[in-house]
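Here the structure is laid out as structure tokens; the discussion comes afterwards.
The values are calculated or read from the model by the stated rules, or taken from the named source; none is laboratory data. None of these values were measured; they are calculated from a predicted model. Here the Cβ is made from the backbone with ideal geometry for all residues, glycine too, and neighbour counts use every protein chain on show. Each accessible area value is taken on the protein alone, full model and side chains, heavy atoms only, with ligands, DNA and RNA left out. Shrake-Rupley method; radii C 1.70, N 1.55, O 1.52, S 1.80 Å.
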Amino acid sequence: MFEGFFALIWIVIKILAIALPLIGVVAYLTLAERKIIGYQQSRIGPNRAGVRGLLQPIADAIKLVFKEMIFPTASNRYLFIIAPLLAFVPALVTWSVIPFSEGLVLADVNAGVLLVLAFSSLGIYGLLLSGWSSNSKYAFLGALRACGQAVSYEIPMGFALVGVLMAADSMNMSEIVRHQAGGIWHWYAVPLLPLFLVYWISGLAETNRAPFDVAEGESEIVAGFHVEYSGMGFALFFLAEYANMALIAILTSLFFLGGWNSPFEGAGWLPSTLAWLQAPCMLWLFIKTGFFLFLYLWIRATYPRYRYDQIMRLGWKVLIPVTLVWLVVEGLAIQWHVQPWFV
Amino acid sequence: MIDVQTLTFFAFSGLLLLSAGGVVFSRHAVSSVMFLILCFLCSTVLWLMLHAEFLGLALLFVYVGAVMTLFLFVVMMLNVKIDATKARLLKYFPFVLVLGGGLVTMLWLALGPDAFSIKKTGVLAFSEHYNNTRAIGEVMYTQFVIPLELTAGILLVAMVAAIALTFRGSQQRRVQDTPKQLMASKANNLRIVSMASEHEGGE
């Protein structure tokens, strides 16, 4: 009886150990975004709250919590409140199957990849419902755009992951990382380079980030699906978007860049004083994730927004054919046991 | 003493029935769709309890992630008023009762507990190395490979037919010529000409 109870408490502690740092990362990712884009555009960025603006996320959070929530007239009240929750909850649930290091995972399920795909496709309901229940033209247009985009880009994303699970022969996330052990040439980004690029581009589109951010295109539809939200409702959409960004970044590192494996693994040329660099460590995963998060911001500061028909063209006529062709190539490589990846 | 599994089963099967009722009785089409999504989520939990991870998550991924999104998309655009149609439906109530009763009887005969020969209830136990995905894959691509390919063929035919029925040719569309746009370059779009200034010595 009490054993079950303690197991439950232990799980809750583990959940908090993932969720709280995640929210911290999300908060400081917003600051990093404003600072990095600021410097790339020869500005300083936020620098008033705290030393060099370091307290800015906290100031933003306090402002959002105390702001009044406004409900548009003739909006559907229940769905209007549920929508931000529907966007936020799947963004958190998916983190339960993410392994941070060998054995350091909340739920080590066999169908981990499938669970990630299933729950990341649930987040779209928050966007759709918020757009519809707001009873606003801009919000509705934004929701329709986001929906069409997410449904289209889920397909190349799924196919890219089919390539990964064909190579690893498993849908367990830890197993996929274990298969990439043995040095930088064993990472799946090498044999599955086209799938790696397709996954990253689809990830950008799935999270509705630049250059695929037509769902909130400020110049056309103000802010898209969340235009009528204020206060905590808006904050939840914001949290969901950045948690999803961090998720795509960490998933790309796990699937294609060897997760917690060291890039120096098996490097005989390292001096013996630096031999500790070869050990797999959680820190490697965080460095890779941080690089992809930086890439998100870098791309946003560099590229203009895609036109909507070009987004659809890229998804259906470029990315999907690329994945289909590469799956056949990979199947042949597995059949012929191409070394060193497909033993 | 009720264990966790029994509690989970009754909680989610109860929620499944309630949300199925919600699909039929809710006053707005969008709420009906949301209740249907809740239905799928509850049945996913029930399948997970049977260790059918792959089927449960595929249900979530395919139906909730893709099919229901498009469904919701259509329902939002239609703006259906269910209340107006309900009054008309009441006229057919006796007929519906007979039809519904017949359907339930047929389902009971075909899918009742006798037909499935359920010998025991409770949580199924599998060995540590049991992999649901692998088990399904092994059956699907050996024993059932012909039905699988046939189903895929039928779906492809249906898809081609749907496109053939709705495609009206290219003359009614105003689309960008993408290859032409991509071929555009500075060399064939921009011409630099040198000419003398029109106003001598400035204006």
| task | Pop out the ³J(HN,Hα) list for region A:316-331 in order, Karplus 6.51 cos²θ - 1.76 cosθ + 1.60 with θ = phi - 60°, rounded to Hz; leave Gly and Pro as x. | result | 7, 9, 10, 5, 5, x, 4, 5, 4, 5, 5, 5, 5, 4, 5, x
| said: If amide hydrogens are placed 1.01 Å from N in the peptide plane, which non-local residues have theirs closer than 5 Å to the one on B:HIS28? | reply: none
| said: In whole percent, and with a 1.4 Å probe on the protein chains, what portion of the accessible area of chain A is carbon and sulfur? | reply: 71
| task | Please find, in a Gaussian network model of chain A (springs between Cα atoms separated by less than 10 Å), the residue of A:GLN180, A:GLN149, A:GLN278 whose mean-square fluctuation is greatest. | result | A:GLN278
| message | Between A:LEU106 and B:ALA11, how high is the FRET efficiency from 1/(1 + (r/R0)^6) when r is the Cβ-Cβ distance and R₀ = 25 Å? Nearest 0.05. | response | 0.70
| field | B:MET77 - accessible surface, heavy atoms, 1.4 Å probe, Å² rounded to 10 | value | 110
| For residues of A:118-130, the mean tally of beta carbons on other chains within 10 Å | 5
| task | Evaluate the relative contact order of chain A (contact order divided by residue number), counting alpha-carbon pairs under 8 angstrom at least 6 apart; express in whole percent. | result | 21
| query | Efficiency by 1/(1 + (r/R0)^6): what FRET value for A:ILE62 and A:VAL89, r their Cβ-Cβ distance, R0 = 25 Å, to the nearest 0.05? | reply | 0.60
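Going by accessible area, probe 1.4 Å, with all protein chains left in place, what is the ranking of B:LYS186, A:LYS288, largest first?
Sorted descending by solvent-accessible area, the residues read B:LYS186, A:LYS288.
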| query | Which pairs in the list A:LYS67/A:LYS137; A:LYS288/A:LYS317; A:LYS14/A:LYS288 are over 27 Å apart, alpha-carbon to alpha-carbon? | reply | A:LYS288/A:LYS317
| field | Helical mean residue ellipticity (222 nm; -39500 (n - 2.57) per DSSP H run of 4+; nearest 500) of chain A | value | -20500 deg cm²/dmol
| query | Hey, any idea what Rg/Rh is for chain A, computing Rh the Kirkwood way over Cα pairs? | reply | 0.98
| message | Can you compute log10 of I(q)/I(0) for region B:126-169 with the Debye formula, treating each Cα as one identical point scatterer, at q = 0.17, 0.25, 0.33 Å⁻¹? | response | -0.63, -0.84, -1.02
| Nearest-ten-degree value, helix A:282-302 long axis tilted from longest Cα axis of chain A | 50
| note | Measure of exposure for A:GLU218: accessible area at 1.4 Å probe, Å² rounded to 10, is 100
| Ignoring ligands, DNA and RNA, how do A:THR30, A:THR323 rank by accessible area with a 1.4 Å probe, largest first? | A:THR30, A:THR323
| field | Accessible-area value, A:ASP60, 1.4 Å probe, nucleic acids and ligands omitted, Å² | value | 50
| message | From the phi angles alone, apply the Karplus equation (6.51, -1.76, 1.60; θ = phi - 60°) to region A:96-108 and give each ³J(HN,Hα) in whole Hz, x where the residue is Gly or Pro. | response | 5, 9, 7, x, 9, 7, 3, x, 8, 8, 5, 10, 8
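Order the following by accessible area, largest value first: A:ILE221, A:ILE334, B:ILE192. Probe radius 1.4 Å; ligands, DNA and RNA are ignored.
Details: A:ILE221 5, A:ILE334 55, B:ILE192 145 Å².
Descending order: B:ILE192, A:ILE334, A:ILE221.
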| task | Keeping all protein chains in place, calculate the accessible area per residue for chain A (probe 1.4 angstrom), answer in Å². | result | 47
| query | Percent of alpha carbon pairs in region A:1-114 separated by more than 21 Å? | reply | 61
